[in-house]
Amino acid sequence: MSSRRFITQGEGLPQWSSPISHAVVVGNTCHISGQLSVDISGKYIAGTAYEEADRAFTNFLAVVKAAGFSKDDVVFVDIAFINLADVDGVNVLFAELFAEGKRPARTIYQASALPFGGKIKVTGVAIKDNTSDSPKQSVE
Amino acid sequence: MSSRRFITQGEGLPQWSSPISHAVVVGNTCHISGQLSVDISGKYIAGTAYEEADRAFTNFLAVVKAAGFSKDDVVFVDIAFINLADVDGVNVLFAELFAEGKRPARTIYQASALPFGGKIKVTGVAIKDNTSDSPKQSVE
Amino acid sequence: MSSRRFITQGEGLPQWSSPISHAVVVGNTCHISGQLSVDISGKYIAGTAYEEADRAFTNFLAVVKAAGFSKDDVVFVDIAFINLADVDGVNVLFAELFAEGKRPARTIYQASALPFGGKIKVTGVAIKDNTSDSPKQSVE
């Protein structure tokens with residue numbers, strides 16, 4: 001039986017017209033598609049960078065959850081900005097979302113344009129710690 | 001014996017002057033270098049965004065295959081555009097390449113410039129499902 | 001016991017004000033945050049693209065080492081440029097850092113802006129080959 005799963009729908013996941021999965025899970029690893037400030041119908045919601053980041057992260061974490069992962073499993077976050085000066089506000093949000101000492105690695109940069117004319121795009125990777133079902137334990 | 005493999009040549013792989021591998025495989029995971037609209041000699045072939053994407057994906061999938069992976073193993077694709085409006089044509093291509101319900105996660109954005117002055121760059125990750133040689137089965 | 005580790009300090013690691021980890025390790029995989037031309041105090045050091053790349057890679061490899069990984073474990077490197085024409089110099093550096101036949105996969109692109117107004121950002125992934133403690137061996 002395959003452990004591969006394609007996440008295309010779930011609670012809180014925006015509808016998409018693009019021919020992609022929201023996330024793909026293989027084993028203990030989950031790759032998440034770029035998430036934007038869109039509502040549940042997939043409609044772009046313009047806002048301040050902070051508002052757009054808040055909505056994009058809400059969508060990102062909804063995908064993580066729908067894939068069977070939790071916020072604590074997120075190891076890497078890639079944030080594209082249209083104006084990198086917006087990072088200060090996003091840092092406040094990031095610090096609230098991820099507890100000190102358990103924060104993901106991250107990369108940020110300024111893009112020339114993002115889908116829908118959005119200000120922020122969030123993508124990333126989550127990995128479960130499979131120590132509890134590691135080889136050594138599973139054979140005892 | 002190491003399971004690490006550096007993919008530098010193979011059927012359909014463009015020649016490169018850059019000091020990099022086309023892909024690196026460790027265990028069941030393959031990371032693929034950014035692929036462009038270049039021919040087998042590594043020469044850039046200018047075209048419409050659709051044509052460049054078609055060629056970049058052909059190269060991308062040639063690397064995936066040379067690494068011992070298949071299209072179905074691709075979990076994540078990162079596409080950089082010079083003009084994000086070209087995404088509609090690329091979506092048509094993407095939908096043809098990857099069957100519904102088995103599509104990778106994806107992120108897209110507009111860059112300021114790409115190598116060779118190209119219009120499209122494709123990179124990504126492939127992961128094999130190693131359930132068939134999972135711990136539980138291997139000890140039985 | 002969890003195998004998850006958040007790398008926030010270590011020898012040669014720049015201090016950061018951002019609410020992120022320098023790297024996160026789960027099992028044999030390490031995701032590294034975007035590294036820039038900053039000194040140990042986190043202060044941006046402007047230089048030529050080559051100088052900035054040299055410093056960014058020094059920081060990148062310090063993080064890799066602090067995470068318990070080595071340069072040979074790096075499978076993928078993502079380099080953002082402010083001027084993609086700087087790639088020639090960076091290729092010289094890259095070829096020195098990574099021995100022929102053991103080079104990472106790589107993707108490069110030109111961004112509109114990078115943190116601190118820097119010219120180069122380096123991020124990537126390292127994976128250890130865990131063949132030596134693979135399931136088959138661990139049960140014998």
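The values are calculated or read from the model by the stated rules, or taken from the named source; none is laboratory data. In this text, all values refer to a predicted model and were calculated from it rather than measured experimentally. We place every Cβ from the backbone using ideal geometry, glycine too, and count neighbours over all the protein chains shown.
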Notebook entry, point to check: Within the group C:Glu52, C:Glu96, which residue is of a type outside the set (A, V, I, L, M), away from chain A (no Cβ under 12 Å) and crowded, with 20+ Cβ neighbours inside 10 Å?
Noted result: C:Glu52
Notebook entry, point to check: Picking from A:Ala56, A:Ala49, which residue would you name as being touching a helix residue (DSSP H, G or I) at 6+ places or on another chain (Cβ under 6 Å) and either within 24 Å of A:Asn91 (Cα to Cα) or among the basic types (Lys, Arg) (or both)?
Noted result: A:Ala49
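Okay, residues lined up against (1) among the hydrophobic types (A, V, I, L, M, F, W, C); (2) in contact with a strand residue (DSSP E or B) (Cβ under 9 Å, 6 or more places away or on another chain):
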site: A:Leu13; (1), (2): yes, yes
site: A:Ile20; (1), (2): yes, yes
site: A:Gln35; (1), (2): no, yes
site: A:Gly47; (1), (2): no, no
site: A:Lys65; (1), (2): no, no
site: A:Ile79; (1), (2): yes, yes
site: A:Thr107; (1), (2): no, yes
Note to self: With the structure loaded, tell me whether B:Thr58 is of a type in the set (Val, Ile, Thr), modelled with pLDDT of 95 or more and assigned to a helix (DSSP H, G or I) or whether it fails that test.
What the structure shows: yes
Note to self: B:Lys136 - would you say it is outside any strand (DSSP E or B) and modelled with pLDDT under 95?
What the structure shows: yes
Next item on the list: Could you tell me whether any residue of the stretch A:69-80 is surrounded by 24 or more Cβ atoms within 10 Å (Cβ to Cβ), out of contact with any Lys or Arg (no Cβ under 7 Å at 6 or more places or on another chain) and more than 17 Å from C:Ala23 (Cα to Cα)?
Entry: no
Note to self: Suppose the filter is more than 9 Å from chain B (Cβ to nearest Cβ) and closer than 18 Å to A:Val87 by Cα; does C:Gly89 pass it?
What the structure shows: no
Margin query: Anything in the stretch A:103-126 that is at the interface with chain C (Cβ under 7 Å from one of its Cβ atoms), more than 18 Å from A:Ile32 (Cβ to Cβ) and either at pLDDT below 95 or part of a loop (DSSP other than H, G, I, E, B) (or both)? List them, or say none.
Written below: A:Ser112
Notebook entry, point to check: Which members of the stretch A:79-92 meet the condition of being touching a residue at least 12 places away in the same chain (Cβ under 8 Å) and either of a type in the set (Gly, Ala, Ser) or touching an Asp or Glu at 6+ places or on another chain (Cβ under 6 Å) (or both)?
Noted result: A:Ala80, A:Gly89
Note to self: From the list A:Ile7, A:Ile40, exactly one residue is buried (at least 21 other Cβ atoms within 10 Å of the Cβ) and either more than 24 Å from C:Phe60 (Cβ to Cβ) or among the hydrophobic types (A, V, I, L, M, F, W, C) (or both). Which is it?
What the structure shows: A:Ile7
